[in-house]
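Report on the structure given below.
No value in this document is a laboratory result; all are computed from the given coordinates. Values in this document were obtained by computation on a predicted structure and should not be read as measured data. Heads up, the Cβs are rebuilt from the backbone with ideal geometry, glycines too, and the neighbour counts pull from every protein chain shown.
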Amino acid sequence: MLAGSFPTCRDSHALTVFFHRSLRSDIVGAVSKIKQPYLGRATCRRGKTPFAMFIQTQATATPARMKFLPGCAVLSSGTADFPGADSSNGSPLAQALFEIDGVNGVYLDPTSITLSKADGKEWAELKPAALVAIMDHFDAGRPVVDDGFETTPETGLNSEEGKAIQRLFDEHINPQVASHGGHIALVDVRDDTAYIQMGGGCQGCGMADVTLKQGVAKAIQAQVPTITNVLDVTDHGGGINPYYQPGKGGTSAL
Amino acid sequence: MFGVAIHCAPVNDAATSRRLLLLVPTTSYRIGDFLNAAERLGVDVAVGSDERQVLELYSDDGTLSVDFDDLDRGVARIVAYNATFQLAAIIGVDDETTLIAAKASQALGLPHNTPDSVEATANKHRLRTCLANSGLPAPRFTLLAASDDPAQAARESFYPAVLKPLALSASRGVIRVDDRAQFAAAFRRIGTILENAGVTGDAARHILVEEYVPGVEVALEGLLDKGCLTILALFDKPDPLEGPYFEETIYVTPSRLPEHVRDVITATVNRAVATLGLHEGPIHAELRINDEGVWLIEVAARSIGGLCSRALHFGAGERLEDLILRHALGLPVPAAEPERPATGVMMIPIPSAGILRGVAGIEAARATENIEDLTISVPLGEILVPVPEGNRYLGFIYAAGDTPEAVEAALRSAHGQLKFTIEALLHREQ
């Protein structure tokens with residue numbers, strides 16, 4: 001089942017470790033053995049004003065990605081995706097995170113930092129280092145992105161939820177429905193609702209509602225619990241090659 | 001009995017905490033409406049079908065494959081599923097699944113019709129036989145082997161007659177014959193239809209011959225609760241169904257028949273279901289009315305087929321499927337008062353055989369006064385097969401209005417706006 005094949009957000013737990021920056025090195029060693037996601041606490045500063053920082057981590061639909069929520073604004077608006085160190089010019093925070101051996105992707109949005117890790121690396125090792133890097137960055141009062149850096153406007157599709165659903169579709173859903181000549185596209189994500197569109201063998205299929213409600217919706221809700229509605233915007237009447245067609249057959253069991 | 005609130009069982013929280021199993025063939029029109037109803041009611045639902053669902057892996061065990069052809073194996077599968085996910089009710093959504101739903105319900109001790117009663121409705125000859133001694137008006141009938149000599153059978157038949165397969169639905173294979181030549185041709189034609197439809201067992205080997213019953217036809221939608229029948233809708237079928245084929249078109253409710261005739265219809269259906277032993281769940285009956293009385297043509301232990309149920313709206317946004325699910329789960333069933341004074345549906349007939357290349361006029365048809373919706377249910381590029389070989393409709397038009405007359409006029413007007421481009425198969429072969 002999904003929950004067994006990769007972690008879900010429901011597997012995440014509140015961070016369990018609180019620490020002061022002065023104790024950081026001791027705690028980093030300790031938390032590296034903790035398997036659960038955890039919370040780091042530090043005295044940070046915005047400019048020269050110290051403030052307490054709580055960093056929460058959250059598993060995502062993809063095991064290789066981990067979300068860090070520092071509890072303060074990351075970007076003022078939009079998103080910024082840095083798929084590799086080479087692309088991190090313009091973001092001192094991303095550059096700092098790419099210095100961690102094993103981090104190969106950084107994604108920023110207004111409230112969180114999502115890191116991607118290289119194969120063979122474990123989050124148990126990377127998380128403490130990432131926490132330190134994030135805390136150091138904010139503690140020093142450095143900007144997340146340089147002046148003039150243009151973020152990507154936030155849309156449903158490039159929100160973290162949208163990306164998680166897209167990955168779910170790319171890696172799990174569409175490889176399955178392809179066996180029926182079908183495909184399912186994520187059209188948009190707004191608030192708690194994902195809008196999807198069916199094509200190929202799924203469009204007009206007599207079992208499209210079962211695929212939607214008993215398959216797609218359950219998979220999305222298992223992986224992205226904040227999505228509570230999944231709406232199908234397909235014009236099923238326009239399907240030209242549905243896999244199952246109503247009315248074909250129609251014999252009694254006798 | 002019309003529009004009377006049916007018995008409301010006390011709220012049963014235990015029922016909603018367990019799963020409802022919908023048994024549906026992959027060729028059904030009906031699953032979406034039932035799933036939507038389950039969602040409205042907050043019911044945990046599983047779907048059992050004859051094919052493995054493509055996303056079964058992600059369904060949280062909300063789908064399961066059930067062998068509908070091997071009833072014992074299918075029931076065993078459901079019983080095993082119940083061991084993990086306790087079922088509150090099992091609903092067979094279409095003709096293909098009512099019997100296995102009854103057998104599985106019996107095995108699990110869930111309220112349902114007896115398998116014998118459901119089996120009788122699913123086989124037209126058994127239905128006729130069961131009703132023969134009920135005292136209800138019934139046409140003469142005889143059962144022939146599909147291997148019989150058509151010419152000999154034609155010589156011995158009565159006329160006019162209707163030849164029918166025992167088990168096919170949606171008027172498939174139903175042909176009126178008025179003389180020996182028509183009989184022999186129809187007999188051979190139905191034999192071919194049975195072969196092509198993949199019918200097996202007793203139904204594959206026999207053809208039923210019934211005396212043709214003239215008259216107007218109606219369809220009745222009802223819900224049985226402990227043997228008590230509530231009429232949910234009585235539809236007039238204003239287009240004459242005189243043969244040689246019997247393609248359904250317009251259904252309009254409420255019926256414009258006089259009250260005393262409606263009372264006889266209700267009494268006839270009540271007597272029929274009691275004779276058959278049906279006592280729980282939806283029923284769909286078709287009857288003919290003429291000077292000699294009310295004749296039961298068919299009754300099935302399921303709700304109306306196709307997408308026709310969408311023509312029915314009850315108070316507080318309830319649909320037919322909501323009422324069926326509520327009844328199955330022992331939840332209170334609200335009074336089945338229609339939400340609109342008159343509603344109707346037109347099953348868009350297939351005008352000719354060929355390949356559907358285009359449908360024009362959909363927006364104009366939708367814009368027709370009193371038209372609520374229009375659905376084309378056959379994809380472009382599909383081969384259209386009219387009755388008696390086919391069993392599909394091009395689509396469905398829905399209307400609602402203040403009177404049955406207004407609804408019927410709207411349906412005819414909307415249908416008149418539609419233009420279908422159908423490429424003749426003969427032309428294509430050339």
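The table below gives the values:
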item: Farthest positive-ward along chain B dipole, Cα basis, beta-carbon charges - from B:ALA138, B:THR230, B:ALA316; result: B:ALA138
item: Computed label-point distance, nm, for sites A:ASP86 and B:ASN133 using a 7 Å Cα→Cβ extension; result: 8.9
item: A:SER112, A:SER159 arranged by Cβ crowding within 10 Å, fewest neighbours leading; result: A:SER159, A:SER112
item: Packing-based exposure ordering (other Cβ within 10 Å, fewest first) of B:LYS124, B:LYS226; result: B:LYS226, B:LYS124
item: Loop GluC sites (Glu not before Pro), the stretch A:110-150, which have at most 16 other Cβ atoms in a 10 Å radius of their Cβ (DSSP); result: A:GLU122, A:GLU150
item: FRET efficiency, 1/(1 + (r/R0)^6) with R0 35 Å, evaluated for B:ALA274 and B:THR192 via beta carbons; result: 0.40
item: Estimated FRET transfer efficiency when R0 is 22 angstrom, pair B:ALA267-B:GLU298 (beta carbons, to 0.05); result: 0.80
item: Projected label distance in nm at B:ILE383 and B:ALA76, using a 7 Å step from Cα toward the beta-carbon; result: 3.7
item: Tensor-based shape of chain B (alpha-carbon gyration tensor, a/c under 1.5 rounded, otherwise prolate or oblate); result: rounded
item: Net dipole in debye of the stretch A:73-137 [+1 Lys, Arg Cβ; -1 Asp, Glu Cβ; about Cα centre; nearest 20]; result: 120
item: Net lengthening on full extension, B:ILE355/B:ARG205 (0.36 nm per residue, minus Cα-Cα); result: 50.9 nm
item: Cα gyration tensor shape for the protein assembly as shown, rounded if a/c is under 1.5, else prolate or oblate; result: prolate
item: Gain on full stretching of the segment that runs from A:SER77 to A:PHE149 - 0.36 nm per residue minus C-alpha separation; result: 24.8 nm
item: Charged-residue dipole, Cβ positions (Lys, Arg, Asp, Glu), the protein assembly as shown about Cα centre, Debye nearest 20; result: 1300
item: Kyte-Doolittle at least 0.0, axis length at least 24 Å by Cα - qualifying DSSP helices, chain B; result: B:180-197, B:259-276
item: Average beta-carbon neighbours from other chains, 10 Å sphere, peptide B:379-385; result: 4
item: Model label zone, B:TYR159; criterion: amide N under 19 Å from point 7 Å along Cα-to-beta-carbon; scope the stretch B:167-181; result: B:175-181
item: Paramagnetic label zone (point 7 Å from Cα along Cα-to-C-beta, B:GLU337; backbone N under 14 Å) in the stretch B:302-316; result: B:314-316
item: Within 10 Å of each Cβ in B:21-27, the average number of Cβ atoms from other chains; result: 5
item: Over chain B: helical MRE at 222 nm, DSSP H runs n ≥ 4 each giving -39500 (n - 2.57), nearest 500; result: -9500 deg cm²/dmol
item: Protection proxy ranking of B:191-201, B:26-36, B:177-187, B:97-107 - average other beta-carbon atoms within 10 Å, highest first; result: B:97-107, B:26-36, B:177-187, B:191-201
item: Relative contact order (%) - criterion: Cα under 8 Å, at least six apart; region: chain B; result: 17
item: Efficiency of FRET from Cβ geometry, B:ARG40 and B:THR142, R₀ 41 Å, rounded to 0.05; result: 0.30
item: The stretch B:328-409: C-alpha gyration tensor shape, a/c 1.5 cut-off, then a/b vs b/c; result: oblate
item: Shielding by other protein chains, B:91-97, mean Cβ within 10 Å; result: 3
item: Cut-off 14 Å between beta-carbons: net charge of the residues surrounding B:VAL273, Lys and Arg +1, Asp and Glu -1; result: -3
item: Segment B:GLN106-B:GLU369, length gained on full extension (0.36 nm per residue, minus Cα span); result: 89.9 nm
item: Relative contact order (%) - criterion: Cα under 8 Å, at least six apart; region: the stretch B:325-396; result: 37
item: The stretch B:13-121, dipole about Cα centre (Lys/Arg Cβ +1, Asp/Glu Cβ -1), debye to the nearest 20; result: 320
item: log10 of Debye I(q)/I(0), alpha-carbon scatterers only, for the stretch A:160-238 at 0.20, 0.24 Å⁻¹; result: -0.79, -1.15
item: Mean separation of Cα contacts under 8 Å, 6 or more apart, over the residue count of the stretch B:140-211: relative contact order %; result: 51
item: Simple label model, 7 Å out from Cα along Cβ direction - A:ASN229 to B:ALA424, nm; result: 5.1
